[in-house]
1. At q = 0.07, 0.09, 0.17 Å⁻¹, what is the base-10 log of I(q)/I(0) for the chain according to the Debye formula with one equal point scatterer per Cα and no solvent? Please give it to two decimals.
2. How much FRET efficiency would the formula 1/(1 + (r/R0)^6) give for Lys48 and Arg86, where r is the Cβ-Cβ distance and R0 is 25 Å, rounded to 0.05?
3. Would you kindly derive the ³J(HN,Hα) couplings of segment 38-53 from the backbone phi angles with the Karplus curve 6.51 cos²θ - 1.76 cosθ + 1.60 (θ = phi - 60°), listing them in order in whole Hz, with x for Gly and Pro?
4. In terms of modelled amide H atoms, which long-range or inter-chain residues lie less than 5 Å from the amide H of Ala205?
5. Could you tell me the extents of segment 122-217's C-alpha atoms along the three principal axes, largest first, rounded to whole Å?
6. Using unit Cβ charges (K, R positive; D, E negative) and no other charged atoms, how large, in debye to the nearest 20, is the dipole of the chain about its Cα centre?
7. Set the Förster radius R0 to 41 Å, insert the Cβ-Cβ distance between Trp8 and Ala204 as r into 1/(1 + (r/R0)^6), and round the FRET efficiency to 0.05.
8. To the nearest 20 Debye, how big is the dipole of segment 149-215 about its Cα centre, given +1 on the beta carbon of each Lys and Arg and -1 on that of each Asp and Glu?
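Computed from the coordinates by the stated procedures, all read-outs in this text should not be read as laboratory data. Model, not experiment: these values are computed from the prediction. Neighbour counts are summed over all protein chains in view; Cβ atoms, including those assigned to glycine, are modelled from backbone coordinates with ideal geometry.
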Amino acid sequence: MFICTIGWTEVPIVRLVVRHGLEVGDFVLLVKPTGSDEKAEATLNAIKDFLGKLWGEVSSKNFGVLEIDPLNPLASIKKVKSIIRRLEAKRLIAILSGGMRSVLLIVLMAILHLNYLLKDVELTIEVDIEGRNEYLRIDSRLIEIIRWKPTEAQLRMLELIRNKPLTMRELAESLGVNVSTVYRWFKEFEKIGLAEIKKERRRAALLQTTDLCSLIF
């Protein structure tokens, strides 16, 4: 599923297709503010024509438009969350490059609020950089860190291997816990993208943090 905020140009949608392509079964949801003007309608028609040339047909099975009130964030966030959950996509790519800043913020907030319910969904957020043929990509790991709530002991473990790669046994001794606890914490860190195995030392793995860990400290 692609969720895209739109303004007065179809360029973000064209770039979406160039980067990702569109396959049978994909769904494109356009998000726009309530009310419309000639420019907004022209952009919407241009997008429909563009997608029609790719798909051959644009229907409710692969395309939708969601209007939200930029002055009512609570109701708007609920609307965005509701349609994302209803479509049950396995992969969600949000293109937040066009339209009103308030609409961009509402869609972003909806995705962040949904994140704890989308554990099995691959999530990516992309923003085109104005005036340049480049874009910023934020994947699910960065978003996962936002809602992660570590314990003091977990933070201490990260701090230890941030300064020096250590084995699980060395960490267990330093933290005063058993090795199984260290292993469980490490698998949690690894899943989020905060830690990794550096190398094997005498059959014992050395654990170290990744660059993402710098966001924690």
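1. Here log10 of I(q) over I(0) equals -0.31, -0.48, -1.09.
2. Details: r = 22 Å, r/R0 = 0.87.
About 0.70, to the nearest 0.05.
3. Working through the residues one at a time gives 4, 5, 5, 5, 5, 5, 4, 5, 5, 5, 4, 5, 5, 5, x, 5 Hz.
4. Residues meeting the amide H criterion: Met168.
5. Principal extents (Cα only, largest first): 53, 28, 23 Å.
6. Numbers: 33 positive and 28 negative charges, 194 e Å.
Dipole size: approximately 940 debye.
7. Numbers: r = 59 Å, r/R0 = 1.45.
The pair Trp8/Ala204 has a calculated efficiency of 0.10.
8. Numbers: 13 positive and 9 negative charges, 48 e Å.
The calculation lands at about 220 debye.
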